[in-house]
1. Among LEU237, LEU183, which is under 21 Å from ASP86 (Cβ atoms) and exposed (fewer than 11 other Cβ atoms within 10 Å of the Cβ)?
2. Answer with yes or no whether ASP40 is over 16 Å from the mean Cα position of the chain (by Cα) and not assigned by TED's automatic domain parsing to the domain that holds ALA133.
3. Quick one: which strands (runs of 3 or more DSSP E) lie wholly within region 72-115 and hold at least 3 residues that are at pLDDT 90 or above, farther than 26 Å from ARG48 by Cβ and not β-branched (Val, Ile, Thr)?
4. Can you give me the number of residues within region 24-44 that are polar (S, T, N, Q) and in contact (Cβ under 8 Å) with a residue 60 or more places away in the chain?
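The values are calculated or read from the model by the stated rules, or taken from the named source; none is laboratory data. Nothing here was measured: the structure is a model prediction, and the numbers come from that model. Note that each Cβ is placed from the backbone with ideal geometry, even for glycine, and that neighbours are counted across all protein chains shown.
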Amino acid sequence: MRLPTPAELLAVWERGQGQPPVQQALLLLAVAHPESPADDLLNLPIGRRDAALLTLREWLFGPQVEGAARCPACGQQLELSFSTTDIRCGPKTMNELIVVVADRELRFRLPTSADLLAVANGAEPDTAQRALAAQCLLDEAAAPVLALDTLNAIAARMAEADPQAEVQLALTCPDCGHHWMALFDIVGFLWSEINTWAQRMLREVHTLASAYGWREADILALSPLRRQRYLQLVRGL
């Protein structure tokens, strides 16, 4: 894994516009893992994928995470601040999982980005959960007859086996005291940060290109310190 250059990150940001989150995650993985075949990245369990994106986020923006959440009880907005180490879970390498429901043993694997793409059809949550479970079953004959309790058992076992795939934040509203669990989506959060960074970077390129006539590639190749100093000179600081 390596840190993408500013030019590479801008190219990923451009290619990812309008793409679903799974595709955006794969674009980020590909630029950080140029040595890995696309199929290998596509078939990473979601927890391992998100752990890699968490590392990329640390390299790009540091370990501290600042965000916000709205209390579902009273509507108050909370400011969040935590470290990536607080939400990093241990790596999982299980190739096969088992649940027993009504004396029936079902074997399945952890879901991957390929599975998420296969079921990404705008279906209702229950239908999508059923389709994802069917994708991951190692006994294809069992797929058409998954009852709700079986789906819940499979989902619970997946979450237990791969907690990095679904990070939950325990939050408490300081106004009303309400407690709830909020999902932290590293894909959406990191893409939002990259979008903000890209917009700022394009403004900086525009400013320096207009002042000095430099090419975009030359400006992006500057170190952040030198680029900021040139911007200060342009602004008379």
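1. Working: LEU237 fails: under 21 Å from ASP86 (Cβ atoms).
Answer to the check: LEU183.
2. Details: over 16 Å from the mean Cα position of the chain (by Cα): yes; not assigned by TED's automatic domain parsing to the domain that holds ALA133: yes.
Considered against the rule, which asks whether it is over 16 Å from the mean Cα position of the chain (by Cα) and not assigned by TED's automatic domain parsing to the domain that holds ALA133, ASP40 comes out as yes.
3. Numbers: elements: 77-83, 97-101, 104-108.
Per the criteria, 77-83.
4. 2
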